[in-house]
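Written below as structure tokens is the structure these notes are about.
The values are calculated or read from the model by the stated rules, or taken from the named source; none is laboratory data. Just so it is clear, the model here is predicted, and its values are computed rather than measured. Backbone-built Cβ (ideal geometry, glycine too); neighbour counts: all protein chains shown.
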Amino acid sequence: MKFYIETFGCKVNSYESNYLKELFVKNNYDYTNDYHMADIVIVNTCTVTNTADNKCRKYIRRIRRDNPSSILIVTGCAVQNNIEAYQKLNIDILVGNNYKTKILSLLEEYLKNKKPLTMHTKNRDLAFENMEINDFDHTRAFIKIEDGCDNFCTYCIIPFTRGKCRSKDFDEIITEVKNLVNNNHLEIVLTGIHTGSYNYEGHTLVDVINEISKIDGLKRIRLSSVEVTELDDKFMEMLKNNPKFCNHLHIPLQAGSDNTLKRMMRKYDLKYFEEKIKAIREIRPDISISTDVIVGFPLESDEDFLSTYEFCQKIKFSKIHVFPYSRRDGTVASRLKEVDEKAKTERVHKLLRLSEFLENEYESKFKGQVVDVLVEEINDNVSIGHTSNYLKVEINAKLEKNKIYEILYK
């Protein structure tokens, strides 16, 4: 039987879908990249906003219309958050977030009985659902080392869809990294819902980074994201002494206004954030620091946005991922007065223009320097990859994929 997987949302979902793909192939199912040809379609959903949820449901209806005979399996955060809505969509197998490792056995049960199946719990107090992959679809391999979040920011539904913070067995992480390196992955990205909260029997995120650094053949270690409040002295020491750790950090700001940060229930203020960035740059002056910013959060005034704009300008992020606030039912923020759409759109464009300026300013510092590029894809005779500090580089030559080359940055 042929199967197809569609993934919405974050890097954690990408990892979990990669796990499912590997699991199905090992059990003699054939992967197809065309859902029209699939006997089985798996949809891994996202519910970070109402828009994301609606997009997933629209896609599911399209699958049912275009390939009505396929066995449809739907999982992920949208199912976890609102299973009742998905039970109305003529889905064969519905799976909550903590049962993705059961999907294959549920499918086999369905093939025997031909009766719809659901596996789901609302309980937040869950064990870590262990997954392991030996290879990854992309050159840069993700490993999910943590799941869940306990922050309860007022705009976010994820603590309810992913459960409490919990961590992967420390030794199993090391084994998984070794397997990926043996399959020629030179760069590992550690990811999770709240990656910096990793703690397994006293082992912290820094312990994971330092331990996998000892693995021969591993050239780079990257974090998908880390909260500014988790950059403690131990992390700073690692940043100073670990040459395998990439010269890039993604640290979500979300707002550059103390008023807005309080309404978001973020756990820092601007002074704290700025001091941490200063400390990082004292250790690595040329590090790339990217961020996320939500624009038009409920009750955000012109003054609040101006503060955000000026703070981003002052910090000089290498890139700002700008997100217009999108309502998520069930959150505290969804009950607050929203910003006018026109004002929100204008603010988004203004911050995007700043991001473009800051990106160009950061990149210009490396013109004429020799940089290490990990080649990730080859299109015709152009090789494309990224540096340690996440500069995208295009090389007019057909190089070998998944190798690191020293290139003059132009």
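Is it true that ASN98 is touching a residue at least 24 places away in the same chain (Cβ under 8 Å) and either farther than 24 Å from ARG166 by Cα or in the same structural domain as GLU22 (by TED's automatic domain parsing) (or both)? Talk me through it step by step, then tell me what you get.
Working: touching a residue at least 24 places away in the same chain (Cβ under 8 Å): yes; either farther than 24 Å from ARG166 by Cα or in the same structural domain as GLU22 (by TED's automatic domain parsing) (or both): yes.
Answer is yes for this residue.
Looking only at the stretch 25-57, count how many residues are in a helix (DSSP H, G or I), closer than 23 Å to PHE160 by Cα and either at pLDDT 95 or above or not β-branched (Val, Ile, Thr) (or both). Before the answer, list the steps.
Let us first name the residues in the stretch 25-57 that are in a helix (DSSP H, G or I), namely 25-26, 35-37, 50-57.
Still in the list and also closer than 23 Å to PHE160 by Cα: 50-57.
In the following step, the residues that additionally are either at pLDDT 95 or above or not β-branched (Val, Ile, Thr) (or both) were identified as 50, 52-57.
The total comes to 7.
Please go through the stretch 63-109 and give me each residue that is within 15 Å of HIS120 (Cα to Cα) and in a loop (DSSP other than H, G, I, E, B), ordered by number.
Scanning the stretch 63-109 gives ASN82, GLN87, ILE91, ASP92, GLY96.
Looking only at residues that are over 19 Å from THR175 (Cβ atoms) and surrounded by 14 or more Cβ atoms within 10 Å (Cβ to Cβ) in the stretch 125-147, which one is modelled with the lowest pLDDT?
Among those that are over 19 Å from THR175 (Cβ atoms) and surrounded by 14 or more Cβ atoms within 10 Å (Cβ to Cβ), it is HIS138.
Pick from the stretch 365-378 the residues that are crowded, with 16+ Cβ neighbours inside 10 Å and of a type outside the set (A, V, I, L, M, F, W, C): which of them is farthest from LYS316 (Cα to Cα)? Talk me through it step by step, then tell me what you get.
Our first condition is that a residue be crowded, with 16+ Cβ neighbours inside 10 Å; within the stretch 365-378, this holds for 366, 371-376, 378.
Within this subset, residues satisfying the condition of being of a type outside the set (A, V, I, L, M, F, W, C) are 372, 376.
Numbers: ASP372: 23, GLU376: 28 Å.
Residue satisfying both the conditions and the ranking: GLU376.
I need the full set of residues from the stretch 4-51 which are polar (S, T, N, Q), surrounded by fewer than 22 Cβ atoms within 10 Å (Cβ to Cβ) and in contact with a Lys or Arg (Cβ under 9 Å, 6 or more places away or on another chain), in order please.
Within the stretch 4-51, THR32, THR49, ASN50, THR51 meet the criteria.
Given the criterion of a type in the set (S, T, N, Q), surrounded by 12 or more Cβ atoms within 10 Å (Cβ to Cβ) and either in contact (Cβ under 8 Å) with a residue 40 or more places away in the chain or not assigned by TED's automatic domain parsing to the domain that holds LEU239 (or both), identify the matching residue among ASN389, ASN381. Please lay out each step first, then the result.
On the way: ASN381 fails: surrounded by 12 or more Cβ atoms within 10 Å (Cβ to Cβ).
Every option except ASN389 fails the conditions.
Being in contact with a helix residue (DSSP H, G or I) (Cβ under 6 Å, 6 or more places away or on another chain), of a type in the set (Ser, Thr, Tyr) and part of a helix (DSSP H, G or I) is the filter here, so list the residues in the stretch 246-284 that pass it.
Hit for the stretch 246-284 is THR260, nothing else.
Given (1) crowded, with 19+ Cβ neighbours inside 10 Å; (2) in a loop (DSSP other than H, G, I, E, B); (3) modelled with pLDDT of 95 or more, identify the lone condition not met by TYR362.
Every listed condition holds for TYR362 apart from (2).
Table: residues versus (1) among the polar types (S, T, N, Q); (2) modelled with pLDDT under 95; (3) in the same structural domain as THR154 (by TED's automatic domain parsing).
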| position | (1), (2), (3) |
| --- | --- |
| PHE297 | no, no, no |
| GLU303 | no, no, no |
| SER307 | yes, no, no |
| SER326 | yes, yes, no |
| ALA333 | no, no, no |
| ALA343 | no, no, no |
| LEU351 | no, no, no |
| SER355 | yes, no, no |
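Can you find a residue in the stretch 274-291 that is buried (at least 17 other Cβ atoms within 10 Å of the Cβ), farther than 26 Å from ASP372 by Cβ and not basic (Lys, Arg)?
No, the stretch 274-291 contains no residue that is buried (at least 17 other Cβ atoms within 10 Å of the Cβ), farther than 26 Å from ASP372 by Cβ and not basic (Lys, Arg).
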